[in-house]
Amino acid sequence: MTGTALRIAGLTAVYLLTLTSLHPADVVVGAALSTALVAIGARARAAARTRAAPASTPGRRPPPPLTRRLAGVPALVGGTLVDVARGTWLTVGYCLTGRTQRSGLVAVPIDPSTTGSATAWAIRVGIAPDTVVVDVELDPGADDDHRGRMLLHVLDASAPDRVRAEVQDSYERRQREVFP
């Protein structure tokens with residue numbers, strides 16, 4: 001109940017900040033919209049929980065506790081900033097010096113435990129200016145080591161195995177604890 005009230009208050013505050021108004025009618029409209037969004041979100045989460053596979057699927061690690069996940073957020077944010085800085089440096093070097101690199105597509109096998117994890121991974125990888133996520137395919141019924149693939153367009157695709165290793169390492173070291 002407290003969580004619901006906090007969500008409604010937070011969404012209403014964002015609505016009012018966007019309007020830059022504290023007029024009573026705006027507060028009522030914001031509260032009504034926020035309540036509707038929170039109710040829709042609760043229904044969607046309940047429906048997703050009924051469809052979701054059990055956390056103890058063979059071959060999969062159970063998700064870490066919330067405190068451990070939150071403890072990994074600084075490393076995730078810091079690592080993402082490092083990836084963005086590195087990608088920006090490579091892109092600026094490419095644009096200013098005219099270095100020719102072999103840009104191209106690289107398919108990276110992925111094995112996230114949820115679609116939310118795959119989405120977060122794709123967003124993180126795509127933030128860096130030297131990488132564009134072209135496609136993410138998940139196959140939940142796959143029995144092999146990987147449930148799908150992420151297709152990336154990278155500025156330097158001269159060594160696709162190196163790109164795959166960097167992306168996988170980034171996921172393992174930075175993101176797996178936060179978005180399992």
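Please treat every number below as a calculation from the coordinates, not as lab data. Note that the structure is predicted; figures quoted are calculated from it, not measured. Cβ sites come from the backbone with ideal geometry, for glycine too, and all protein chains shown count toward neighbours.
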TODO: Calculate the dipole size of the chain relative to its Cα centre from +1 charges on Lys and Arg beta carbons and -1 charges on Asp and Glu beta carbons; express the result in debye to the nearest 20.
DONE: 480 debye
Open item on the list: Using only DSSP helix segments of four residues or longer, with each worth -39500 (n - 2.57), what per-residue ellipticity at 222 nm results for the chain after dividing by its residue count and rounding to 500?
Closed with: -19000 deg cm²/dmol
- [ ] Answer with one residue from Phe179, Leu90, Ala32: the one whose Cα lies farthest towards the positive end of the charge dipole of the chain, charges on Cβ with Lys, Arg +1 and Asp, Glu -1.
- [x] Ala32
TODO: Amide H neighbours of Ile110 under 5 Å, at least 5 residues apart or on other chains, H built in the peptide plane: list them.
DONE: Arg147, Gly148, Arg149, Met150
Task: Anisotropy class of the chain from Cα gyration tensor, a/c 1.5 cut - done: oblate
Task: Relative contact order %, the chain, counting alpha carbon pairs below 8 Å whose residues are six or more apart - done: 23 percent
Task: At least 27 Å along the helix axis (C-alpha) and Kyte average at least -0.5, DSSP helices within the chain - done: 24-51, 73-97
- [ ] Can you figure out the FRET efficiency of Asp161 with Cys95, using R₀ = 30 Å and their beta-carbon distance, to the nearest 0.05?
- [x] 0.70
Open item on the list: Just want the answer: with Cβ charges of +1 for Lys and Arg and -1 for Asp and Glu, which residue in Gly41, Gly78, Leu22 is farthest toward the dipole's positive end in the chain?
Closed with: Leu22
Task: Computed FRET value (nearest 0.05) for Thr88 with Val14, which takes r as the C-beta separation and R₀ as 22 Å - done: 0.15
